[in-house]
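K.L.:
One structure is given below, represented as structure tokens, and several questions about it will come after.
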Amino acid sequence: MLTDNASMTEGKPADRPTGKGALVLVVEDGWQVADSLKLLLEQRGMIAVGPAATSEDARRLATQCPVELAIVDVNLKGEMAYELMDWLHDRGTPVIVISGYHDLPPQLKRYAAILYKPFTPDALLTTVRRAISRNRTS
């Protein structure tokens, strides 16, 4: 099991340890993967928003909640989530793309990161923390 010994501090997001208290939108249609992502994020002090299994649900959640980051699976029940990722990115939300596909369109490189399934919890957490840190300092 991974441990994170950083203590929670009060204040604005930039004052908190990287990731602590961050609102992270989880967009994944596979319930086991979605549940695992949510649990891992929450164990590290982040607040998982969702999971959303469709682009429509993800947009609704992102509109209701000021998320700092989104983790989005490319394929949501057969729908490619490119429009959702563009919409989130255009709103200023960094996007971590997760996919089992290795032949993704080059335009996805503009997002915060791409993680290929299967990925380890360490890889996910490192990627999430980097994306949040970059967003908080920009």
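K.L.:
With 52, 34, 123, 113 as the choices, which residue is of a type in the set (Gly, Ala, Ser), under 22 Å from residue 20 (Cα atoms), out of contact with any helix residue (DSSP H, G or I) (no Cβ under 9 Å at 6 or more places or on another chain) and touching a residue at least 12 places away in the same chain (Cβ under 8 Å)?
P.N.:
Going through 52, 34, 123, 113 in turn, just one is of a type in the set (Gly, Ala, Ser), under 22 Å from residue 20 (Cα atoms), out of contact with any helix residue (DSSP H, G or I) (no Cβ under 9 Å at 6 or more places or on another chain) and touching a residue at least 12 places away in the same chain (Cβ under 8 Å): 34.
K.L.:
Another question, if that's okay. With modelled with pLDDT of 95 or more and either loosely packed, with under 13 Cβ neighbours inside 10 Å or under 16 Å from the mean Cα position of the chain (by Cα) (or both) as the only criterion, which of 50, 11 stands out?
P.N.:
Result: 50 is the single residue among 50, 11 that is modelled with pLDDT of 95 or more and either loosely packed, with under 13 Cβ neighbours inside 10 Å or under 16 Å from the mean Cα position of the chain (by Cα) (or both).
K.L.:
Can you go through 107, 64, 43 and tell me which one is closer than 16 Å to residue 22 by Cβ and out of contact with any strand residue (DSSP E or B) (no Cβ under 6 Å at 6 or more places or on another chain)? Break it down into steps so the answer makes sense when it comes.
P.N.:
Details: 107 fails: closer than 16 Å to residue 22 by Cβ; 64 fails: closer than 16 Å to residue 22 by Cβ.
Just one listed residue meets the conditions, 43.
K.L.:
Residues in region 71-93 that are of a type in the set (S, T, N, Q) and more than 24 Å from residue 134 (Cβ to Cβ): how many?
P.N.:
First, pick out the residues of region 71-93 that are of a type in the set (S, T, N, Q): 75, 93.
If we keep only those that are more than 24 Å from residue 134 (Cβ to Cβ) too, we end up with 75.
Of the residues in region 71-93, 1 are of a type in the set (S, T, N, Q) and more than 24 Å from residue 134 (Cβ to Cβ).
The values are calculated or read from the model by the stated rules, or taken from the named source; none is laboratory data. Computed from a prediction, not measured in an experiment: that's the story for all the values here. With ideal geometry, Cβ positions are generated from the backbone for all residues, glycine too; neighbour counts draw on all protein chains shown.
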